[in-house]
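Input: a single structure, listed below in structure tokens.
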Amino acid sequence: MVLVDQTRSMSQQFSSSYTKKLVFAKTAATTLIESVNEAKDLVGLARFTKVQTTVLSAPISDKTAVAALV
């Protein structure tokens, strides 16, 4: 399960390569999801804020579908 932090702090400046922390986090999440071996692994996606956690995809073998949700 890949978790993406969407708290307020993620809107802060990160580096010259990534304008915001959230942009970097989404890039890292996508890279991780795309590295999954669909033949033997499952991957899911959730995001969280200060208030709640939302599951965007339960663990499945279709990494392309999960990556599209990032």
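Which shape class, rounded, prolate or oblate, goes with region 9-48 when its Cα gyration tensor gives a ≥ b ≥ c as root eigenvalues, a/c under 1.5 marks rounded, and past that a/b bigger than b/c marks prolate? Oblate, because a/c is 1.5 or more while a/b does not exceed b/c. Dividing the summed helix terms, -39500 (n - 2.57) for each DSSP H run of n ≥ 4, by the number of residues in the chain produces a 222 nm estimate of -9000 deg cm²/dmol to the nearest 500. Modelled label positions at residue 64 and residue 32, each set 7 Å beyond Cα in the direction of Cβ, lie 2.3 nm from each other.
Can you tell me which of 59-70, 28-39 comes out highest on packing, and rank the rest after it, using the mean Cβ neighbours within 10 Å?
59-70, 28-39
Summarising the amide proton neighbourhood of residue 57: residues at separation of 5 or more, or on other chains, whose placed amide H is nearer than 5 Å comprise 45. Looking at the chain, what % of its DSSP beta bridges pair antiparallel, to the nearest 5? Counting DSSP beta bridges with both partners in the chain, the antiparallel share is about 60 percent. In order along region 62-70, the Karplus-derived 3J(HN,Hα) couplings, from 6.51 cos²θ - 1.76 cosθ + 1.60 at θ = phi - 60°, round to 8, 5, 5, 5, 5, 4, 5, 7, 5 Hz, and Gly and Pro are given as x.
What fraction, in whole percent, of alpha-carbon pairs in the chain exceed 19 Å separation?
Details: 857 of 2415 pairs.
That fraction is 35 percent.
Cross-link partners for residue 26 among the lysines, with Cα-Cα distance under 19 Å and sequence neighbours closer than 8 places in the same chain left out: 50, 63.
Any read-out appearing in this document is the output of simple, stated calculations on the displayed coordinates, not a laboratory observation. These numbers were taken from a predicted model, which means no experiment stands behind them. Here Cβ is always computed from backbone atoms with ideal geometry, including for glycine, and neighbour counts include all displayed protein chains.
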